[in-house]
Amino acid sequence: MKIGIVTGGGDCPGLNAVIRAVAKTANKRSWETIGILGGYDGLLPPQHYRLLDYNALAGLLVRGGTILGTANRGHFSAKTGHGEVRQLPKELIDETKKGMEALGISALVAVGGDGSLTIAQQMHEAGIPIVGVPKTIDNDLAATTVTFGFDSAVACATDALDRLHTTAESHNRVMVLELMGRYAGWIAIYAGVAGGADVILIPEIPFRYESICAAIQEREKSGKHFTLIAISEGAKPAGGDFVTVGGQQENRESRLGGIGAVVAAEIEKRTGKETRLMVLGHLQRGGSPTFMDRVLCTLFGAKAVELITEGRFGRMVAHNGQFVDSVPLSEAIGRLRTVPLDAGFVHATRSLGICLGD
Ligand code: F6P
């Protein structure tokens, strides 16, 4: 038996750890594992792949990025604009099937986020034996309580806030940290709480400048002459729209980014306080996975191979809050898991007096 593994969408810490876990588990069953190079495109002729034998796996647990390469644009793009679904052409799916046959692959493990797993679902509907593993720093996939990559991204963002804290305090400044996360505020709210941000702005709660400036003034009055603000790239003012980078490209999801600069400029104008911006960007996606992500990736990878063994295709490995389980791919895509407003983090941040901008 020979299986394939493909990594799609934006990279994140832990992809290599999943590749390792899948190939190791498969090796134990005396199966061969083929790594598809450059995302799903690697399945098209002339196929690009590499054998993931025992020797190929050394050092992968801790290595950032993906040794297989990945793509979040091109033929296999299932999302456009602000998350609209695109149906892949039938000919493309037929070519993919042929590519798998040519490689002798009888099942495919697709490691990806919302976009790549939407592709996986379309392939499943077309009869391709496929299982998914939920990857994304954004943590926005429905049907799993956590995706791998999130913990590592939050660790990076928290470290950035810790560093900004000391310089903000030394200069009596407002520091704005723009974080990734697309339309979900998970990274900003987790890192904001862990890094002691005074204001946290997330897409789920449209913000008002009056509220942010009042929080800054309040701190001034109590003798705190600096303020730390964590803002999601997808945050927007009440009645306003997302800030995006560049124009809309065909068959590509809009790139969010730039709201931090808008907010920093407006705060400086309204409060007269010196305000600086930092956009953390792809640092959140680079480097070695945290121990939490290494463990999650290992469990996810092993479970993906179990699903194949049991012939349970069209499913995604998922964490149900207690242990690793699986759900139909269709349940994981199509709706994003955003930060719930009536419980957990939002409730706790409000109790602590952190300003959420509303
Ligand atoms: O989905 C992961 C993510 O890092 C988002 O948080 C961010 O909006 C986007 O990908 C950036 O993508 P790109 O790699 O195209 O800059």
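At-a-glance table
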item: Any chance Met175 is in contact (Cβ under 8 Å) with a residue 24 or more places away in the chain, closer than 23 Å to Val146 by Cα and in contact with a helix residue (DSSP H, G or I) (Cβ under 7 Å, 6 or more places away or on another chain); result: no
item: Single match in Leu117, Leu179, Leu161, Leu88 (criterion: more than 23 Å from Glu306 (Cβ to Cβ) and within 13 Å of the ligand (Cβ to nearest atom)); result: Leu179
item: Segment 169-183 - residue that is touching a Ser or Thr at 6+ places or on another chain (Cβ under 9 Å) and surrounded by fewer than 24 Cβ atoms within 10 Å (Cβ to Cβ) and, of those, farthest from Ala215 (Cα to Cα); result: Tyr183
item: Residue check, Tyr54 of a type in the set (Phe, Trp, Tyr) and crowded, with 22+ Cβ neighbours inside 10 Å; result: no
item: Strands (runs of 3 or more DSSP E) within segment 1-100 that include 1 or more residues of a type in the set (Gly, Ala, Ser); result: 2-7, 32-36
item: Selection within segment 87-106 - of a type in the set (Asp, Glu) and without any contact (Cβ under 8 Å) to a residue 40 or more places away in the chain; result: Glu91, Asp94, Glu101
item: Residues of segment 101-127 classified as assigned to a loop (DSSP other than H, G, I, E, B) and either under 22 Å from Thr338 (Cβ atoms) or touching a helix residue (DSSP H, G or I) at 6+ places or on another chain (Cβ under 6 Å) (or both), total; result: 2
item: Residue within segment 137-149 that is in contact with a Pro (Cβ under 7 Å, 6 or more places away or on another chain), without any contact (Cβ under 8 Å) to a residue 40 or more places away in the chain, polar (S, T, N, Q) and not in a helix (DSSP H, G or I) present; result: yes
item: Residue selected from segment 126-143 under the condition within 16 Å of the ligand (Cβ to nearest atom) and in contact with a Phe, Trp or Tyr (Cβ under 9 Å, 6 or more places away or on another chain), by the criterion farthest from Ala194 (Cα to Cα); result: Val133
item: Residue check for Ala191: more than 12 Å from the ligand (Cβ to nearest atom), surrounded by fewer than 24 Cβ atoms within 10 Å (Cβ to Cβ) and among the aliphatic types (A, V, I, L, M); result: no
item: Total residues in segment 247-269, condition within 21 Å of the chain's Cα centre (by Cα), small (Gly, Ala, Ser) and either outside the structural domain of Arg173 (by TED's automatic domain parsing) or more than 15 Å from Leu179 (Cβ to Cβ) (or both); result: 1
item: Selection count, segment 212-243, where residues are surrounded by 17 or more Cβ atoms within 10 Å (Cβ to Cβ) and either among the aliphatic types (A, V, I, L, M) or within 30 Å of the chain's Cα centre (by Cα) (or both); result: 16
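The values are calculated or read from the model by the stated rules, or taken from the named source; none is laboratory data. Here the structure is a predicted model, which is why all the values come from computation and not from measurement. Reconstructed Cβ throughout: ideal geometry from the backbone, glycine too, with neighbour counts over all protein chains shown.
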